[in-house]
Every structure is written in C-alpha cells, then in structure tokens.
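Have a look at the structure below, then the notes.
The values are calculated or read from the model by the stated rules, or taken from the named source; none is laboratory data. Predicted model, so just to flag it, every value in this text is computed and none were measured. When we count neighbours, we look across all protein chains shown, and the Cβ atoms used for this are built from the backbone with ideal geometry, even at glycine.
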Amino acid sequence: MEKIEEEKEGGAAAAEEEEQVVNPWQVAAKDGGKIDYQKLIDKFGCKRLDDSFVQRVERLTSRPAHVFLRREVFFAHRDFNDILDLYERGDKFYLYTGRGPSSEALHLGHLIPFMFTKYLQDAFKVPLVIQLTDDEKVLWKSLTIEEGKRLARENAKDIIACGFDISKTFIFSDFNHVGGAFYENMVKVSKCVTLNQAFAIFGFTGEDHIGKVSFPPVQAVPSFPSSFPHLFSGKENLRCLIPCAIDQDPYFRMTRDVAPRIGEHKPSLIESTFFPALQGETGKMSASDPNSAIYVTDSAEDIKNKINKYAFSGGQDSIEKHRQLGANLEVDIPVKYLSFFLEGDNELEHIKKEYGAGRMLTGEVKQRLTQVLTELVERHRRARAAVTEEMVDAFMAIRPLPHMFD
C-alpha cells in the first residue's frame, strides 16, 4: 500500500525548506530558476516514462505516438504499465481528466492535457469523463457560485472544441453532479484521510477554511467507476487512467492510498511537465497574468505582439555575438513552445541546430512560432464557434454511452 507521508511522498514541507513549490494551486521554482522535474519524481514517488513506453504505445495502438509523448511533455507515470498490460490482454479502461474553470477562456497550457487526452481516447477507443471543478474555484478564488457555474460551461465549449467523441465522453460540473453514488464515494474517501494527512499532502494550515479541506475527495472519486452508475454499471472493475499535469499528483497520491481500503482499484496516471510562461520557466503559464499566456481567444496580432515582446530569448544581445556563440536553447521560450506544438520532428531539430549554432536569429524563430501558434489558435477558434449551448447540454447529459468501447 502507498503511504501518505509528509516528506517522502511529497507532502508540503515548511516554506523555508522548499527549494521549489509545486502543488495543485501554486507552481514556482526557487530563486528564478527552472522546475527540477527529477526532484519532483523523487519527491512524489512517481516514475519516469522512458522510450519503451513510447514504443509499446505505438505497437498496441498501431499509430504514431503523440508529439507530447515522443518529446517527453508527458514524462512521468504511476502504473501506466498496468494499463498497457490489461489493454494488451484485450481489456478496456476509461480516462478521467478535468479543468478548474477560473477564466473566461483557456490558454495554451490548459489545452495540453485535453489535446493529449483526445489522442488517448482515439488511439485506445475508450470512454472519458471530464470533471469541471467549479466548486474548487469558488473555494479558492473570489468567485460566486453563479460565476463558477457560468465559467464551467464556457470552458466546456473550449474542451468540446478539442474534438472529443460525444458517444464516448461525459462532461460534468461538480455543482450540478455531486450526489448519489458519487457522493457516497466521497464520504468513503473522507473517512480514510485524517486531518494530519490532509495537512501534510496539501499544505493546508489552520487559517484555511474547512471548505478547502473537504474538497480533495471530490477530485478523487471520478477515478472510481462506481461513481458513475449511469456509465459503468456492471463494469465496477474497470481501471482508470488520468492524464494530468504533475501538480495534480497530490490528489491522486491520496486517492491511490485510499482506493484499496474502500474496495476500489488504484487509478493510474500519466503526468506532464508545465507549459512555461512567456517570460521563462520559473513557473507555469498563468491565467492571472495575461502577458504570460497565449489565449485561445487571442488574435493573430495579439499572438505576434506577445511573442515578440514577452517571449524570453536565449539568443545573444547582438547579432555578432549571436553568430559567434549561438543561442542558449535551455532557456529559450520560443524553442520550448515549438517543442510542444511544432509537429515536424525534422523541422524542430533543424531549428535547434541552426539557432544553437547562431546561423538562425531569434527573430526568425519567433516568426516561425508565431505562424504555428496562430494556426493552432485559429483552428481552435473555428471549432469553438461551432459549439452550441445544445452541444454542451448533450455532453453534460446524464446518459449511458452504449458505444463507449466501439
């Protein structure tokens, strides 16, 4: 059984002892540095994804691995090998991911788990539940319940625009859905986690209101098929795979500890790095700072201006020096963004080689990034414009999914 321990399993240590802060509500590197993902793996107790997983996914699905998998955007896991084992035996699983709706529109960092989840749904032909934690955002931010529920529907439109299969996808808002079997599982989880454990895992303090302490079971129980009797009745042994950013790991570290004690399977996870802010890799792109983020509502001119003005460059401060020394690719944000969104591996490697050697200038790299992101955002904008209120209602309707494994 996995133990929930304050230090070994990544509980929040005292602020003065932290070299970097990574939890579901805050991501920050120490002293303006970069997030150390190996330290996160060691601290949280997850495992790194290696090339053997990429090759196995390609073999099992008979399609190329997603660029996020090939380029280690999704870099860590918990028991992903178990999911692949059961799929190879001919068994199925389901996917669970989510979104905390705190802004009118998504930025590119928000899109990453949904783009990858769509790939997983298509590749493995499995059902998906998407949780909109509108209650969490009301508890943590200065939002009214009505505003939280409204933002959940607006964010649902961006999620639907990613192209999910309605015959295999159920989207739900916590405010609208919590009750019945879902709430019963919440109570079971709540009885298994002490206050001391909750404080250690999530860093709660005596100054936090009790609503925050009560929330983690809400995010835990979608990983149990018994929480969705309208979907999975008779399939209570179905396993769950959760694609998410690694800052969400504390929720599911708790969940995996509790699951066997209440007769449920531990969920498996596949976890991503953070999409960095335009200004650098000290943290993740933030909806609270519009100049740190590219939004799916940004115009082509907005995208161009933000990249040119704010995207931190690893290029040298003069052309002569740049030609001589080349760019520092480790800190260059345009190259980082191209690593996420430029499809062609050969082109990406060419840019890295030429830019790193000083034969390509920062302006050229930013221009190519502007083209890539403008095309991506425009595709998304067209898809979102086609999403109606009736489509949102259909995805959120409590209904069986008779073709979810077809």
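Numerical summary
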{"quantity": "Those residues of the range 70-87 which are touching a residue at least 40 places away in the same chain (Cβ under 8 Å) and in a helix (DSSP H, G or I), in sequence order", "calculated": "70, 80, 82, 83, 86"}
{"quantity": "Among the residues listed as 85, 79, the single one being crowded, with 17+ Cβ neighbours inside 10 Å, of a type in the set (Asp, Glu) and either farther than 18 Å from residue 25 by Cα or assigned by TED's automatic domain parsing to the domain that holds residue 176 (or both)", "calculated": "79"}
{"quantity": "Any hit, the range 55-73, residues being closer than 17 Å to residue 269 by Cβ, in contact with a Lys or Arg (Cβ under 8 Å, 6 or more places away or on another chain) and of a type outside the set (S, T, N, Q)", "calculated": "no"}
{"quantity": "Given (1) in a loop (DSSP other than H, G, I, E, B); (2) of a type outside the set (A, V, I, L, M, F, W, C); (3) modelled with pLDDT of 95 or more, number of the condition residue 102 does not satisfy", "calculated": "(3)"}
{"quantity": "Matching residues, the range 125-171, being more than 17 Å from the chain's Cα centre (by Cα), buried (at least 19 other Cβ atoms within 10 Å of the Cβ) and within 22 Å of residue 92 (Cβ to Cβ)", "calculated": "126, 127, 168, 169, 170"}
{"quantity": "Residues located in the range 55-68, provided they are free of Cβ contacts under 8 Å to residues at least 60 places away in the same chain, surrounded by 15 or more Cβ atoms within 10 Å (Cβ to Cβ), assigned to a helix (DSSP H, G or I) and out of contact with any Asp or Glu (no Cβ under 9 Å at 6 or more places or on another chain)", "calculated": "58"}
{"quantity": "From the options 298, 317, 302, residue that is of a type in the set (Asp, Glu) and in a helix (DSSP H, G or I)", "calculated": "302"}
{"quantity": "Some residue of the range 2-17 being at pLDDT 70 or above and either crowded, with 19+ Cβ neighbours inside 10 Å or farther than 26 Å from residue 85 by Cβ (or both)", "calculated": "no"}
{"quantity": "Hey, residue 394 within 25 Å of the chain's Cα centre (by Cα), part of a helix (DSSP H, G or I), of a type in the set (Gly, Ala, Ser) and closer than 30 Å to residue 234 by Cα or not", "calculated": "yes"}
{"quantity": "Selected residue (criterion: surrounded by the most Cβ atoms within 10 Å (Cβ to Cβ)) from residues of the range 333-363 that are closer than 24 Å to residue 69 by Cα and of a type in the set (Lys, Arg)", "calculated": "336"}
{"quantity": "Selection status of residue 330, in a helix (DSSP H, G or I) and exposed (fewer than 13 other Cβ atoms within 10 Å of the Cβ)", "calculated": "no"}
{"quantity": "Qualifying residues in the range 139-197 (those that are closer than 29 Å to residue 207 by Cβ and outside any helix (DSSP H, G or I)) - the one modelled with the lowest pLDDT", "calculated": "142"}
{"quantity": "Hey, residue 378 acidic (Asp, Glu) and either under 23 Å from residue 165 (Cα atoms) or touching a residue at least 24 places away in the same chain (Cβ under 8 Å) (or both) or not", "calculated": "yes"}
{"quantity": "Test: residue in the range 105-114 that is in a loop (DSSP other than H, G, I, E, B) and farther than 30 Å from residue 291 by Cβ", "calculated": "no"}
